[in-house]
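Here is the structure we will look at, set down as structure tokens.
What follows draws every value from the coordinates through simple rules; no lab data is involved. For clarity, every value in this text was computed on a predicted model and none was experimentally measured. Heads up, the Cβs are rebuilt from the backbone with ideal geometry, glycines too, and the neighbour counts pull from every protein chain shown.
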Amino acid sequence: MDDLPLELLSMIIDHLWDDPPHSPARGPRLTHPKARSKDRLLVNLRSVRLVCKAFAHAAANLFGETYFPVRWVSLSRNSLSDLLALSEHPQYARHVFTLRIDALNLDLQMHEEGKSMVMLAKALGNFEPTLTSILLSLKCSRKSEECTKETKVMDTVRSALLHARVQPARLRIYTNRPKVFCLPNVQLHLAHTVNMQHLTSLKLDFLNATTVDPEVHQALSRGTIARFISCIPHLQHLSIYFASEIWYRAPLRALLGHSPLSHLQSLRICGFNSREHELTDLLLRHQDSLQSLELADFKLRNGKWRNVFKAIREQASSALDTLQLRRLWDRDEAFFLSDSTFESLTRAEFESMDWARVAAPREDAVLDLEPVELGETGTFITFPEDLLYDSDNVEGGDAVNPLPYFAHELLHPGHDGLVGVDGGEDDGASGSLGSEGGTEETGSSRDED
């Protein structure tokens, strides 16, 4: 068997695919490690590699391309040891493009001793330059408990990237603990800035369980998310997703700041809201670079979507050529109400769209606010949706405001719900985001994920 030509052995290996040649299904297996035992290709590859040295050699490249591109790792001793061993195996390390790091099984002793950071930094350095993407799963399993692992994992990853001098091109973060984005001191801010120098794609998935999550409110009111993004000078693709739609008033600057993201080509925002002028100003500031816009579960707190659509059409010099829209509404009308399907429009299709045909009266649309639990009492209440709109001639007062104060106090007893005032940890900045992404002192207020 060892005497067979490599070309013939490679042809035999190729028959392990269940998918026909040139099928999109032919590619890296991105399944979770626990599911890999059910992947026929990976099971057969492992078996074939045990036949003889010749088969092991012939299957090595396909095995590397399919098995190793995405590696799941936690900051436990065993997981980090396995990752470090893989990083020291050049034949397979060159196939690792993405690390998915989660907060499960954090070894607190290793973290306190700094060993987890050292091991992760060494592995990251070994994977460089093929490693281009980091995915962080920082989800606290029980929000009612004081979860600190997520912040510790974030700090370890940030330090490891800095020590390894690895600057990823893509970063995605799943979290229901927005405080992981805080940069409470100059050292962390500097480390984050250095790490993000080559980043071009950022996806933030906020797994907020309720529409009035107090941690998300604090993160928005402090400007933490906008400051995190402002340290990424070459950002081209930005996605911000809220699992539960944000009910309360939160200006777009709380997400994106005042200054334009000069290289931004695609923007996705799901589960948020804004005033009409905020959205049109955003599009105007990015008209020279923004090519793709996706909005879903998005409400205008005042003004009309038709005015936004008109503003887009009138920006003749705009680079925007693709729009994906789903479940948009204002006080009077709703558009594209499918829960699962996006309306994808080219620029030409958008400009010729008959908005009267696709619009539905707001009172006919099923966009009711979901009931929210009062603290942890098991009692649920629903607020009138009209509470969330601003008058069309409103001026100023655009601070983050969850709901009328009495409602916030009912939902989150003990959490200060006053406009612009937040408890919790400081992230190194007080006041609201200024026009240059800095802060403005506001006396008694402190603003910020």
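Just list whichever of 179/203; 203/310; 152/203; 203/304; 122/149; 115/179 have alpha carbons separated by over 18 Å in the model shown. Walk me through the intermediate numbers first.
On the way: 179/203 16 Å; 203/310 29 Å; 152/203 20 Å; 203/304 28 Å; 122/149 22 Å; 115/179 24 Å.
Among 179/203; 203/310; 152/203; 203/304; 122/149; 115/179, the Cα-Cα distance tops 18 Å for 203/310; 152/203; 203/304; 122/149; 115/179.
Beta carbons within 10 angstrom, averaged per residue: use that to sort the peptides 103-116, 157-170, highest first. Before the final figure, lay out the partial values.
Numbers: 103-116: 15.6, 157-170: 19.1.
So the order, starting with the most tightly packed, is 157-170, 103-116.
To the nearest 20 debye, what is the magnitude of the charge dipole of segment 190-255 about its Cα centre, counting +1 on the Cβ of each Lys and Arg and -1 on the Cβ of each Asp and Glu? Mind dumping the intermediate values first?
On the way: 5 positive and 4 negative charges, 51 e Å.
For this selection, approximately 240 debye.
How far apart, in nanometres, would the label points at residue 344 and residue 360 be if each is projected 7 angstrom from Cα along the Cα-to-Cβ direction?
So the label points at residue 344 and residue 360 sit 2.2 nm apart.
Rounded to two decimal places and with Rh computed the Kirkwood way over Cα pairs, what is Rg over Rh for segment 209-324? Write down the numbers at each step before the final one.
Numbers: Rg = 13.8 Å, Rh = 14.6 Å.
Across segment 209-324, the Cα-based Rg/Rh ratio is 0.95.
So how do 299-305, 356-362 stack up, highest first, on mean other-Cβ count within 10 Å? All intermediate terms of the calculation are to be shown ahead of the outcome.
Values: 299-305: 20.1, 356-362: 12.0.
Highest mean packing first, the order is 299-305, 356-362.
Could you state the number of Å between the C-alpha centres of segment 231-301 and segment 149-208?
Centre-to-centre (Cα) distance: 20 Å.
Could you order peptides 60-71, 246-257 by the average number of other Cβ atoms within 10 Å of their residues, highest first? Walk me through the numbers on the way to the answer.
Working: 60-71: 18.1, 246-257: 23.3.
Highest-to-lowest ranking by the protection proxy: 246-257, 60-71.
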